[in-house]
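The numbers here are math on the coordinates, done by the rules we state, and not lab data. Here the structure is a predicted model, which is why all the values come from computation and not from measurement. Cβ placement follows ideal geometry from the backbone for every residue including glycine, while neighbour counts extend to all protein chains displayed.
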Amino acid sequence: MPQVSVIMGSRSDLDAMKEACQVLEKFGLDFEARVMSAHRTPEAVAQYVEGLEDRGVKAVICGAGGAAHLAGVVASHTILPVIGVPMKSTLNGLDSLLATVQMPRGIPVATTAIGGSGAYNAALLAVQMVSLSDPELREAFRKFRQEQTHKVEKAAEVEAQEWA
């Protein structure tokens, strides 16, 4: 049973959104990925999203470019947390970022950076959300953060040796 849903506005978003899927796999989270358009398939989006909570999904990651309304449309159909990932588009992703982050009061969408880095962080946010009710996942996330710290410290040691 999926705990996270990854939705992208078009197939062209797949390269960036793979980053989110890889993080979810790394943490052993079940997820499902779909391509759906807020503008071209609005009824399908609404029907799919309205069934997520009953199927045990705990967070939704939405990647979209251009007008980037997907995350907002998804958020309007669920009380689940929605994380928007702006995709590179006509204005190098700035249009997508602004469209995703400018949600009306009362319909929140967490927004990450543009593209693959944003998708990666969106998945980490989803892991954190799900880990609130999963002690094993919380511990795995804690270990991940410690490993990140260790890598930076190790790199700094090497750098310091090179300068000596």
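With 0.36 nm allotted per residue and the present C-alpha distance subtracted, the Gln47-Gln102 stretch has 17.4 nm of extension available. Annotation note: trypsin sites (Lys or Arg not before Pro) in the stretch 1-51 located in DSSP loop regions with a Cβ neighbour count of at most 16 within 10 Å are Arg40.
Set against the 2.2 N^0.38 Å expectation for a compact globular protein, the stretch 1-80 has a Cα radius of gyration ratio of 1.02.
Treating each Cα of the stretch 74-152 as an identical point scatterer and summing with the Debye formula, the log10 of I(q)/I(0) at q = 0.11, 0.12, 0.16, 0.23 Å⁻¹ comes to -0.37, -0.44, -0.72, -1.05. Helices in the chain, meaning DSSP H runs of at least 4 residues, each add -39500 (n - 2.57). Divided by all residues, the mean residue ellipticity at 222 nm is -16000 deg cm²/dmol.
Once backbone amide H atoms are built at 1.01 Å from N, Met8 has Arg34, Val35, Met36, Gly63 as its partners under 5 Å, excluding neighbours fewer than 5 places away on the same chain.
Under 8 Å for C-alpha pairs, at least 6 residues apart: give me the relative contact order for the stretch 1-97, rounded to a whole percent.
Details: 179 pairs, mean separation 29.7, N = 97.
Over the stretch 1-97, the number comes to 31 percent.
In the list (i) 18.2, 56; (ii) 16.9, 53; (iii) 17.0, 63, the label attached to Rg and Dmax of the Cα atoms in Å as derived from the coordinates here is (iii).
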